[in-house]
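Take a look at the structure below.
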Amino acid sequence: MKKVVVLILALVMTMSLVACGGGSSDGSAAAESDSYIDQIKAKGELVVGTSADYPPYEFHTEIDGVDTIVGFDISIAQAIADDLGVELKIVDMSFENLLMSLSNGEFDMVIAGIEENEERAKTCDFSDPYLESKNLILVRKEDESKYTTLDSLQGVKAGAQNGTICYDRCVKYCGEENTVGLAKVNDLVMELNAGKVDVLFLDYMAVLAYANGNDNLVAVDCGIPSDDLGYSIAVQKGNQEMVDYINGVLTELKDSGAIEQYILDATELAGPEE
Ligand code: ARG
């Protein structure tokens with residue numbers, strides 16, 4: 001097994017899956033004839049927004065010569081679509097535009113390694129978390145022992161994805177004037193490789209995946225507090241029916257160990273080709 005897979009396995013095993021709220025649903029709200037769930041079933045597809053630049057959460061890969069969006073978030077979305085008995089349609093866009101597009105009714109839900117916070121909860125609703133979140137930083141190999149504490153990040157030129165909580169942390173620890181925000185994580189990784197920034201703030205599994213895919217880059221844990229957030233699925237504000245339905249499926253996926261398996265599969269897929 002590749003080193004990064006073992007590392008992720010260890011992290012997932014030691015990390016207690018976030019306890020679910022217990023709101024079980026088997027989609028029985030569908031008894032109401034014009035319910036949202038019924039509309040999805042009538043439409044025959046679950047439309048899901050994501051930002052597929054975040055291995056192993058969601059990313060592009062070639063499968064049988066065809067560019068395909070995969071990742072453990074996508075497997076979760078697929079499980080929800082399967083439970084509904086409909087096709088899954090993925091819409092890929094910049095992370096910073098996802099919640100606005102959700103509010104405009106362009107998707108039924110957003111899954112994108114996204115965490116609930118107060119600001120976001122004003123415009124959309126969130127499912128129970130399906131996994132705890134953590135942050136690491138991505139640095140060039142030669143700087144591995146340079147940025148090991150939060151204090152060591154002060155005044156360092158750093159990058160983060162626009163519209164993310166990681167961006168806010170970057171501003172907090174490195175200073176606004178030192179923070180470079182870009183729409184796509186791939187472009188941030190290029191900036192890091194080119195020496196235009198020295199540190200990237202990303203969610204931990206994305207840091208591990210990019211470090212695994214780039215000989216020149218390594219993951220560093222400098223103790224960024226997680227703020228007790230977890231990854232959740234966002235739906236339109238007030239759509240409690242969707243929240244309940246999704247929570248029902250998430251409970252099953254957590255209880256059966258499916259989510260751990262999705263993470264392992266996605267991590268393998270995200271690994272460098274051999
Ligand atoms: N976890 C962070 C947030 O909620 C960043 C997520 C970025 N996701 C992505 N697919 N690029 O803000």
Q) When the range 97-118 is examined, which residues are found to be crowded, with 17+ Cβ neighbours inside 10 Å, more than 9 Å from the ligand (Cβ to nearest atom) and not hydrophobic (A, V, I, L, M, F, W, C)? A) 108
**Q.** Residue in the range 124-143 that is most open to solvent (accessible area, probe 1.4 Å), counting only those that are part of a loop (DSSP other than H, G, I, E, B) and modelled with pLDDT under 95
**A.** 134
Q.
Checking the conditions here, which among 220, 207, 243, 199 is of a type outside the set (S, T, N, Q), in contact with a helix residue (DSSP H, G or I) (Cβ under 7 Å, 6 or more places away or on another chain) and at pLDDT 95 or above?
A. 199
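Does at least one position in the range 17-33 carry a residue that is at pLDDT 50 or above, in contact with a strand residue (DSSP E or B) (Cβ under 7 Å, 6 or more places away or on another chain), crowded, with 18+ Cβ neighbours inside 10 Å and closer than 19 Å to residue 72 by Cβ? Spell out how you get there, then give the answer.
Going residue by residue through the range 17-33, those that are at pLDDT 50 or above are 33.
Imposing the further condition that a residue be in contact with a strand residue (DSSP E or B) (Cβ under 7 Å, 6 or more places away or on another chain) reduces the set to none.
No - not one qualifying residue is present in the range 17-33.
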Q. Which of (1) touching a Ser or Thr at 6+ places or on another chain (Cβ under 9 Å); (2) over 26 Å from residue 117 (Cβ atoms) is the odd one out, the single condition residue 237 does not satisfy?
A. (2)
Q. Out of the range 34-86, which residues are hydrophobic (A, V, I, L, M, F, W, C), at pLDDT 95 or above, away from the ligand (no atom under 16 Å from the Cβ) and open to solvent by 30 Å² or more (accessible area, probe 1.4 Å)?
A. 42, 66
Q) If we keep just the residues of the range 87-127 that are within 14 Å of the chain's Cα centre (by Cα) and among the charged types (D, E, K, R), which is farthest from residue 203 (Cα to Cα)? A) 92
Q.
Could you tell me how many of the residues in the range 188-198 are in contact (Cβ under 8 Å) with a residue 40 or more places away in the chain and not in a helix (DSSP H, G or I)?
A. 3
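Given the residues 185, 171, 156, which is the only one that is free of Cβ contacts under 8 Å to residues at least 24 places away in the same chain and either within 15 Å of the ligand (Cβ to nearest atom) or surrounded by fewer than 23 Cβ atoms within 10 Å (Cβ to Cβ) (or both)?
On the way: 185 fails: free of Cβ contacts under 8 Å to residues at least 24 places away in the same chain; 156 fails: free of Cβ contacts under 8 Å to residues at least 24 places away in the same chain.
Testing whether each residue is free of Cβ contacts under 8 Å to residues at least 24 places away in the same chain and either within 15 Å of the ligand (Cβ to nearest atom) or surrounded by fewer than 23 Cβ atoms within 10 Å (Cβ to Cβ) (or both) leaves just 171.
The values are calculated or read from the model by the stated rules, or taken from the named source; none is laboratory data. Predicted, not measured: the structure shown is a model, and the values here were computed from it. Here the Cβ is made from the backbone with ideal geometry for all residues, glycine too, and neighbour counts use every protein chain on show. Heavy atoms of the whole protein, side chains included, go into the accessibility calculation; ligands, DNA and RNA do not. Shrake-Rupley method; radii C 1.70, N 1.55, O 1.52, S 1.80 Å.
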